[in-house]
Amino acid sequence: MVFSLHNQSKLVKERKRVGRGGCRGSSCGKGQRGQKARSGGVKGGIFEGGQMPLARRLPKRGFSNVRFQDEVIIFNVGQLSKLFEDGQEITREVFVQRGLLRSANTAQIKVLGGGSLDKKLIVHADAFSLSAKEALESKGGAAHLTKER
C-alpha cells in the first residue's frame, strides 16, 4: 500500500469521549442519574458527603515556634577549661575536630559563664553571656564574635 495524503493512519488513537449519547445508549456508561453522572460532578477524596470534615471538627489551638526557632549549642566556660589547654584558640573547626560538634551542624555556638575557668582561652563563638565574657577576659583570654547579629 502506498502512503498518500488520503489514506494515512493516525499516529495517536483518539480517546472515546463519554457522556454524549450515541453507541452507549442514553446514560453513556455513566450509570443512572445522580451527581457522578453529571459533568464535573466528582468530589475530591476528602469530601465526607456534607458531614463536617475531620479537619474542621478537631480543635486548633496555639502556635508552635519550633519550625522557626534557631538552634543554639551551649558550652560553659567550665567545660571549655576541662577540654582545652592553656592559651588555645577555640573555633568551630576545633569543636568539630574534638567531636563536640558535627561538621554539617549549622547551629549557633553560645558560651555561658557556668563553672570555673582557670586557663587563658581565646574563644570564637556566635554569642557570649556577660559572665562568660568577663570570665574569659579576667584570665587574659578573649571572646570573639564570629558573626554580628
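Considering region 51-109, and only residues there that are loosely packed, with under 10 Cβ neighbours inside 10 Å and among the aliphatic types (A, V, I, L, M), the residue that is nearest to residue 122 (Cα to Cα) turns out to be 104. Please work out if residue 68 is outside any loop (DSSP other than H, G, I, E, B), among the aromatic types (Phe, Trp, Tyr) and within 30 Å of residue 145 (Cβ to Cβ). It is false that residue 68 is outside any loop (DSSP other than H, G, I, E, B), among the aromatic types (Phe, Trp, Tyr) and within 30 Å of residue 145 (Cβ to Cβ).
Residue 102 meets each of the listed conditions (1) part of a loop (DSSP other than H, G, I, E, B); (2) closer than 17 Å to residue 144 by Cα; (3) of a type in the set (Lys, Arg) apart from (2). Considering only region 118-129, I want to know if a residue exists there that is within 16 Å of residue 74 (Cβ to Cβ) and acidic (Asp, Glu). So far as region 118-129 goes, yes, one or more of its residues are within 16 Å of residue 74 (Cβ to Cβ) and acidic (Asp, Glu). Between 36, 82, the distinction of being of a type in the set (D, E, K, R) and farther than 25 Å from residue 119 by Cβ belongs to 36 only.
Please determine whether any residue of region 75-85 is of a type in the set (Phe, Trp, Tyr) and either farther than 30 Å from residue 142 by Cβ or touching a helix residue (DSSP H, G or I) at 6+ places or on another chain (Cβ under 7 Å) (or both). Looking for residues that are of a type in the set (Phe, Trp, Tyr) and either farther than 30 Å from residue 142 by Cβ or touching a helix residue (DSSP H, G or I) at 6+ places or on another chain (Cβ under 7 Å) (or both), one finds none in region 75-85, hence no.
Any read-out appearing in this document is the output of simple, stated calculations on the displayed coordinates, not a laboratory observation. Because the structure is a prediction, the values reported are computed rather than measured. Using ideal geometry, Cβ is built from the backbone for each residue, glycine included, and neighbour counts are taken over all protein chains shown.
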